[in-house]
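*Asks:* Sharing a structure with you now.
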Amino acid sequence: MILIPFVLFIGYLIGSVPSGYLIAKLLKGIDIRDYGSGNIGFANTLRVLGPLPGLTVLVADIAKGAVSVGAGTLFASSMGISPQIAGGMLGLSSIIGHNWSVFLKFRGGKGVATTAGVFLVLTPFPFICSALTMALVMGLTRYVSLGSMMAGGSLPFFIWLWVNEKGWFYLCLSVAAASLIVFTHRSNLRRLLQGKERKLGERI
């Protein structure tokens, strides 16, 4: 049990790796935070740098969540808890790391892709349903932020419907993750209400 804070910090560090910031620096020598929405995630990278860098950031951020869950299962016995719970705890810590990166003075992204990586490993079928919800909303509205919030909000519902083993833990974990997604999208929510939110495909 004494290792739990240390292992959670490992998850936080994995999540803290600022994929979008690093890729923008490597490809264009720019600070992605100075362009577009100022976010380091997929949507802003797509608008500022184009499809390939955007997709690279998306995959990297998803991988951070998935790797954190995998690391949790490896450390589970040392932590004295089950692999599912250990993986979920590290997954959540990686989302927090992505949102408030130690490498960017505790600023970061909005956690959607990293959350996707976490639940892709933990609860694949509910995650797929949530991802389809996001795709549907984005297809109808072209708002990535709205699709992200709808995906996050629907995930606890799909977990409640289909997950049995460790269902209570995954449900609580998904509620926490969904709350973080809504919190980090609060400025997007204001712009949506004002009709000023950028749509998918708009270039900077």
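*Asks:* Let me confirm something: among Gly108, Gly36, which residue is in contact (Cβ under 8 Å) with a residue 24 or more places away in the chain, under 21 Å from Ala178 (Cα atoms), of a type outside the set (A, V, I, L, M, F, W, C) and crowded, with 17+ Cβ neighbours inside 10 Å? Explain how you work it out, then say what you get.
*Replies:* Numbers: Gly36 fails: under 21 Å from Ala178 (Cα atoms).
Result of the check over Gly108, Gly36: Gly108.
*Asks:* Against the definition (farther than 21 Å from Phe106 by Cα, out of contact with any His (no Cβ under 6 Å at 6 or more places or on another chain) and in contact (Cβ under 8 Å) with a residue 60 or more places away in the chain), how does Gly11 come out, yes or no?
*Replies:* Values: farther than 21 Å from Phe106 by Cα: no; out of contact with any His (no Cβ under 6 Å at 6 or more places or on another chain): yes; in contact (Cβ under 8 Å) with a residue 60 or more places away in the chain: yes.
Answer is no for this residue.
*Asks:* If the requirement is being under 12 Å from the mean Cα position of the chain (by Cα) and part of a helix (DSSP H, G or I), which of these qualifies: Ile23, Ile62?
*Replies:* Details: Ile23 fails: under 12 Å from the mean Cα position of the chain (by Cα).
One residue alone meets the criteria, Ile62.
*Asks:* For region 78-112, what are the residues that are in a helix (DSSP H, G or I) and either at positive phi or hydrophobic (A, V, I, L, M, F, W, C) (or both)?
*Replies:* Met79, Ile85, Ala86, Met89, Leu90, Leu92, Ile95, Ile96, Val102, Phe103, Leu104, Val112
*Asks:* Then there's this: Select from region 149-204 the residues that are modelled with pLDDT under 95 and among the polar types (S, T, N, Q) and write down the one among them that is farthest from Leu49 (Cα to Cα).
*Replies:* Among residues in region 149-204 that are modelled with pLDDT under 95 and among the polar types (S, T, N, Q), the one farthest from Leu49 (Cα to Cα) is Asn164.
*Asks:* Given the options Leu49, Leu55, Leu8, Leu3, name the one that is in contact with a helix residue (DSSP H, G or I) (Cβ under 9 Å, 6 or more places away or on another chain), modelled with pLDDT under 95, of a type in the set (A, V, I, L, M, F, W, C) and exposed (fewer than 15 other Cβ atoms within 10 Å of the Cβ). Write out each step before concluding.
*Replies:* Numbers: Leu49 fails: exposed (fewer than 15 other Cβ atoms within 10 Å of the Cβ); Leu55 fails: modelled with pLDDT under 95; Leu8 fails: exposed (fewer than 15 other Cβ atoms within 10 Å of the Cβ).
None of the other options fit; the residue is Leu3.
Quick grid of which residues meet (1) of a type in the set (Val, Ile, Thr); (2) touching a residue at least 12 places away in the same chain (Cβ under 8 Å); (3) under 19 Å from Phe9 (Cβ atoms):
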residue: Leu26; (1), (2), (3): no, no, no
residue: Leu104; (1), (2), (3): no, yes, yes
residue: Ser130; (1), (2), (3): no, yes, no
residue: Ala135; (1), (2), (3): no, yes, no
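*Asks:* Do we find a residue being within 23 Å of Ser145 (Cβ to Cβ) and either at pLDDT 95 or above or not small (Gly, Ala, Ser) (or both) anywhere in region 84-91? Talk me through it step by step, then tell me what you get.
*Replies:* So the first thing to find is which residues in region 84-91 are within 23 Å of Ser145 (Cβ to Cβ), and the list is 91.
Keeping just the survivors that are either at pLDDT 95 or above or not small (Gly, Ala, Ser) (or both) gives 91.
Yes, the conditions are met somewhere in region 84-91.
*Asks:* Which one is nearest to the chain's Cα centre (by Cα) among residues in region 75-105 that are of a type in the set (A, V, I, L, M) and surrounded by fewer than 24 Cβ atoms within 10 Å (Cβ to Cβ)? Walk me through it before giving the result.
*Replies:* Pass one, region 75-105, residues of a type in the set (A, V, I, L, M): 76, 79, 81, 85-86, 89-90, 92, 95-96, 102, 104.
With surrounded by fewer than 24 Cβ atoms within 10 Å (Cβ to Cβ) added as a condition, the list becomes 76, 79, 81, 85, 89, 96, 102, 104.
Working: Ala76: 22, Met79: 25, Ile81: 24, Ile85: 18, Met89: 14, Ile96: 9, Val102: 16, Leu104: 17 Å.
Taking the candidates together, the pick is Ile96.
*Asks:* Keeping to region 160-173, report how many residues are more than 18 Å from Pro83 (Cβ to Cβ) and in contact (Cβ under 8 Å) with a residue 24 or more places away in the chain.
*Replies:* 2
*Asks:* Next question. From the list Thr133, Thr73, which residue is assigned to a helix (DSSP H, G or I), at pLDDT below 95, in contact with a helix residue (DSSP H, G or I) (Cβ under 7 Å, 6 or more places away or on another chain) and closer than 25 Å to Leu171 by Cα? Break it down into steps so the answer makes sense when it comes.
*Replies:* Values: Thr133 fails: at pLDDT below 95.
Result: Thr73 is the single residue among Thr133, Thr73 that is assigned to a helix (DSSP H, G or I), at pLDDT below 95, in contact with a helix residue (DSSP H, G or I) (Cβ under 7 Å, 6 or more places away or on another chain) and closer than 25 Å to Leu171 by Cα.
*Asks:* Within region 129-149, identify whether any single residue is crowded, with 23+ Cβ neighbours inside 10 Å, touching a Phe, Trp or Tyr at 6+ places or on another chain (Cβ under 7 Å), more than 24 Å from Gly20 (Cα to Cα) and of a type in the set (S, T, N, Q), and answer yes or no. So that I can check it myself, show each step before the final result.
*Replies:* As a first pass, look at region 129-149 and keep what is crowded, with 23+ Cβ neighbours inside 10 Å: 130, 144-145, 147-149.
With the extra rule that they be touching a Phe, Trp or Tyr at 6+ places or on another chain (Cβ under 7 Å), the set shrinks to 130.
Retained after the next criterion (residues that are more than 24 Å from Gly20 (Cα to Cα)): none.
No - not one qualifying residue is present in region 129-149.
The values are calculated or read from the model by the stated rules, or taken from the named source; none is laboratory data. This is a predicted model, so every value here is computed, not measured. Note that each Cβ is placed from the backbone with ideal geometry, even for glycine, and that neighbours are counted across all protein chains shown.
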